[in-house]
Amino acid sequence: VSLQELLEPEAGTNKTAVAEFILLGLVETEEMQSLVFVLFLFAYLVTVGGNLMLDVGCITVTVPAMLSHLLSHRRTISYGACLTQLFFFHLLAGMDCFLLTTMAYDRFLAICRPLTYSIRMSQTVRRMLVAVSWTCAFTNALTHAIVLTTLNFCGPKEVNHFYCDLPQLFQLSCSSTQLNELLLFALGFLMVGAPVVLIIASYIHTAAAVLQIRSAEGRKKAFTCGSHLTVVFLFYGTGIFNYMRLGSEEDSDKDKGVGVFNTVINPMLNPLIYSLRNTDVQGALWRILVGRWSLT
């Protein structure tokens, strides 16, 4: 059974009377739509070119569809397409959660356990981490998509966002969303809470080890940890704000702002942030910082 067949409402049932949704997007006027199209197209091209297949998932799921709607002036999205977009968005966002956790574990081993790094982070271990990450992310995304099909959508059908996501669809349901919300919090704790705890624990040990190193090599290691921590803060900060606080319709504009930051700005900034791991960039930045300190 294909995902499309699984997510489409069954014909002849009373599950939902809504066959498609209307994505209200970010702006209403045609002049502003043209500006948004140019800005988001630029952001998408920069992100794809800068990340080179590393972090183009969420922005690819959301932005090209929005650009298509801006060009065609059609804002409708079918029920099945909406749920499919939601599924892949949560699948790839879940993979980002586990990827950031794995990177923290990698930094912990490289700094705190350098002699056993090759054994603890062997090719077999890496494959296992990837397999577990994909399995957990897939299970989380599929669970949300399937449970969402139990809701009735009788109208209105206007989604106050530029892509389909759980909080906005909950607002449109004419049946109880209590189970869906409880499931979102429970799985959110597993998908976000557990990785955050592991990342914090790994960096407590890593920071203690780095502080004991007084050499230039220690400062370089601190820079590599700092770039990863910046991405962690931006990714988890916006995600927690969006999903651990199911907003009302009055909060939809805030949710759209967070959505832009989480799906567009974060991936676009990642290449710049991770460039701090480059030794030449680190050296140049360190010389600038030292020079300013000496001048003061």
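The trypsin sites (Lys or Arg not before Pro) of region 60-110 that DSSP puts in a loop, and whose beta carbon has at most 11 other beta carbons within 10 Å, are 74. Label 7 Å along Cα→Cβ of residue 150; region 169-211 residues with amide nitrogen under 19 Å? Once the point is set 7 Å along Cα→Cβ of residue 150, 169-190 turn out to lie under 19 Å by backbone N, inside region 169-211. Surface composition of region 16-87: carbon plus sulfur atoms contribute 69% of the solvent-accessible area (1.4 Å probe, protein chains only, all chains present).
Highest mean first, what order results for 115-122, 64-71 on Cβ atoms within 10 Å? Intermediate results must be reported in sequence, preceding the final value.
Working: 115-122: 11.8, 64-71: 16.6.
Taking the mean over residues of other Cβ atoms within 10 Å, the ranking is 64-71, 115-122.
Using a probe of 1.4 angstrom and keeping all protein chains present, the accessible surface of region 70-150 works out to 49 square angstrom per residue. Each other residue within a Cβ distance under 12 Å of residue 121 adds +1 if Lys or Arg and -1 if Asp or Glu, for a net charge of +4.
The values are calculated or read from the model by the stated rules, or taken from the named source; none is laboratory data. This is a predicted model, so every value here is computed, not measured. Positions of Cβ are backbone-derived with ideal geometry, glycine not excepted, and every protein chain shown enters the neighbour counts. Ligands, DNA and RNA are excluded from the accessible area calculation, which covers all protein heavy atoms including side chains. Shrake-Rupley method; radii C 1.70, N 1.55, O 1.52, S 1.80 Å.
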